[in-house]
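Here, each number is a calculation from the coordinates, and none is a lab measurement. Quick caveat, the model's predicted, so the values are computed rather than measured. Ideal geometry is used to build each Cβ from the backbone, glycine not excepted, and the neighbour counts take in all protein chains shown.
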Amino acid sequence: MTTAVHTAPDYLLRLGDDALVAAQRLCWWATRAPQLEEDVALANIALDLLGQARALLGHAGRVEGRGRDEDTLAFLRDDRAFTNVQLVELADTDFADAVTRLLFFGVYQDLLYRRLTASTDPVLAAIAVKSAKETAYHVDHAAAWTVRLGDGTEESHRRMRRATRDLWPYTHELFVSDEVFARAATDGTGVDPAGLRAPWRERITTVLTEATLPVPEDGWAPGGGRHGLHTEAFGPLVLEMQGLHRAHPGARW
Amino acid sequence: MAQLADNDIPAPEPPGHDALVQEIEAAQRGAAQRPGRPEAAPPAPPAPHDEEELQARFDAVIAADQKIEPRDWMPDAYRATLLRQLAQHANSEIVGMQPEANWISRAPTLKRKAILLAKVQDEAGHGLYLYAAAETLGVDRSQFLDDLDAGRQKYLSFINYPTLTWADTGALAWLTDGAAIVNQVPLCRSSYGPYARAMVRVCKEESFHHRQGFDALWALTHGTDAQRAMAQDAIDRWWYPALAMFGPPTRDSVHTEASMRWRIKRFTNDELRQRFVDICVPQAEALGVRLPDPDLRWNEERGHYDFTEPDYDELRRVIKGDGPAGRQRVAHRRRAHQAGAWVREASAAHAAKRRARAAADTAETGADIGVDIGVDTEESAA
């Protein structure tokens, strides 16, 4: 007999914040996609990410046991308390950036969730089973666009080249380990992301190569998101997301 | 995903909602294709000389309340009327995403955010169904979009008003989706098969949105004073734009007569507007909001509510693009379309490259086969 295993809330918050902030950014594309089918597809992906965020934050709140639910965690924490990676918070207004980020982040999430299906925390394992099906589609979608745009016109190639180069530095943070990740890996509830780097790189290289895009050089590796150090783009995102909720303390919606 | 209880206030079913849903389901049964007349049947080439006979056959199908299918002969004016209506409807779905998308990033709970995002996604999906129906009439959707971006295409007037508070998303879903359903439920029985079938799908989703709008408003009217005031303010601003959605009064409507004769449309604008008012009054009472019309009262004799008609001069101005958010809506559409041009070009270029590569591969394989079985290849090519 095993006793119920709970994942550490700070581990769950990292995963939940990644999904929430990625969803919030993707929502910007609703009504702005290059074609109607893509409006539907991007909204679909944003809905998946939002669903993952709700499940993960809800679970974090319950495990933590301080009475915080998904909304308390999303709307009443200050910027510095969010532990998402910086990659998901950067603003994108060029479809090339949106596609590239979806590819980089999607492959990371896909590798992560597949491993988390074996989590010793049954709730997290169940969330991972559902989420892995979703991220498999996200990756297919992003990879198809990457190839289409990388191997499309001269302009689309140039834009994808710039986007992959600009976002590449922010991918390093996805794989940085620390004591929170190490603990979760040790007790079997979570995964140490350092182990995802090699398979991530392999899958990304395959897609970029098919897209006739070079794999960017490693170098600058910004970070800090896991400890609440964010980019300047993050403050306005949080302000916009939380403003209405905070303007009506205690209200129910 | 439990733990939603804190922010979840169960709203009752809006009064009268059931009846509309049942009507959609009844229409769905009626919109099924006639046996033996599949949409993809090979076209029976009409002999050019028996136009009269074709017209007679068309009239008989309409009179029997059956469906016209894409391969059937139809009068040019019937086709033109359908296209005009489909284009306006598709455009309304697409431009109509904007007033609601305006609040996705600021939704007050994650559940409301998901509901709103799913609604905007559904509207994009409706645009796609309707384009598909229009394409059965031989018009490419890029034509519609070009016309829309050039300001040549109309869409529903309410979209040209701004969404100023969160409550506007609820009022929009309750009132304008409610009005849309009343307008569209009879279209599920439209004489044109692909249109009728598209409308069944659209109406089912719209009725879900209407229900969610009622639910969102119910949470507000059962919330704080500020939330109740927000809800009332939104109803005050959206009531007349919703009433105006039924178009000009029948006496001024240039299209009503032909559309009714062809059973593209089944009720006049005025009949539908009255029906909408009759549905809304008990729902407003259930919500605890006031409809902003001092002359709204039950008329025993007519068996309907008397109400003040919308300002039709304002409607005309707003349809022409002079609503408070009119220019903004079209500019947003045009900007998004232009910003996506390089993506669409790249897609086309990539598809062409793939085709060229596939053709090159086939040619290569074909050449190899040709060496072996040259005669057969030549024969099959002939």
Original post:
Per residue of A:23-33, what is the mean number of Cβ atoms on other protein chains within 10 angstrom of that residue's Cβ?
Top reply: 6
Subject >> Spin-label pair residue B:354/residue B:306, simplified geometry with 7 Å Cα→Cβ offset, distance in nm >> reply: 6.5
Subject >> Cα lying deepest toward the dipole's positive end in region A:9-247, options A:24, A:180, A:169, charges on Cβ >> reply: A:180
Original post:
Which aspartates and glutamates, on any chain, are close to residue B:204 with Cα under 13 Å apart, when same-chain ones fewer than 8 places away are left out?
Top reply: B:18, B:23, B:25, B:122, B:123, B:177
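To make sure I understand, if each residue's beta carbon is the centre and we count other beta carbons within 10 Å, what order do B:161, B:155 fall in, fewest to most?
In increasing order of surrounding Cβ atoms, one gets B:161, B:155.
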Subject >> Within the protein assembly as shown, helix-based [θ] at 222 nm, where runs of 4 or more DSSP H residues each add -39,500 (n - 2.57), nearest 500 >> reply: -21000 deg cm²/dmol
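For A:17, B:322, what ranking results if the residue with the fewest other Cβ atoms within 10 Å of its Cβ goes first? Could the numbers behind the result be given before it?
Working: A:17 27, B:322 12.
Fewest to most other Cβ atoms nearby, the residues stand as B:322, A:17.
How charged is the neighbourhood of residue A:133? Take every other residue with its Cβ under 12 Å from the Cβ of residue A:133, and add Lys/Arg as +1 and Asp/Glu as -1.
Working: positive: A:114, A:130; negative: A:48, A:110, A:134, A:140.
Neighbour charge sum, excluding residue A:133 itself: -2.
Within a 10 angstrom radius of the beta carbon, how do A:59, A:6 rank from fewest other beta carbons to most?
With the sparsest Cβ surroundings first, the list reads A:6, A:59.
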**OP:** Starting from the Cα of residue A:133, draw a straight line to each of the aspartates and glutamates and keep only those under 12 Å, dropping any in the same chain fewer than 8 residues away.
**Re:** A:48, A:110
**OP:** Relative to the longest principal axis of the C-alpha atoms of chain B, give the angle of the C-alpha long axis of helix B:17-31, reported between 0 and 90° and rounded to the nearest 10°.
**Re:** 20
Subject >> Mean Cβ neighbour count within 10 Å, used as a protection proxy, ranking A:188-201, B:106-119 highest first >> reply: B:106-119, A:188-201
**OP:** Using a Förster distance of 51 angstrom, determine the FRET efficiency expected from the C-beta separation of residue B:63 and residue A:165, and round it to 0.05.
**Re:** 0.15
Original post:
Among the lysines, which have Cα under 19 Å from the Cα of residue B:67 when same-chain residues fewer than 8 positions away are ignored?
Top reply: B:265
Original post:
Under 16 Å from a point 7 Å along the Cα-to-Cβ line of residue B:77: which residues of region B:122-152 have their amide N that close?
Top reply: none
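Which whole number in µm²/s is D for chain B by Stokes-Einstein, with the Kirkwood Rh taken over Cα pairs at 20 °C and 1.002 mPa s? Working shown, then result.
Details: Rh = 23.4 Å.
Answer, rounded: 92 µm²/s.
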Original post:
On a 0 to 90 degree scale, rounded to 10, what angle separates helix B:51-63 from the longest Cα axis of chain B?
Top reply: 40
Original post:
Between the helical axis of A:36-64 and the dominant principal axis of chain A, each derived from Cα atoms, what acute angle in degrees is found, rounded to the nearest 10?
Top reply: 30
**OP:** Add +1 for every Lys or Arg and -1 for every Asp or Glu among the other residues with Cβ under 14 Å from the Cβ of residue A:117, and state the total.
**Re:** +1
Original post:
Quick one: net charge of residue B:269's neighbours, Cβ under 13 Å, K/R +1, D/E -1?
Top reply: 0
Original post:
How many angstrom separate the Cα center of region B:90-129 from the Cα center of region B:319-367?
Top reply: 22
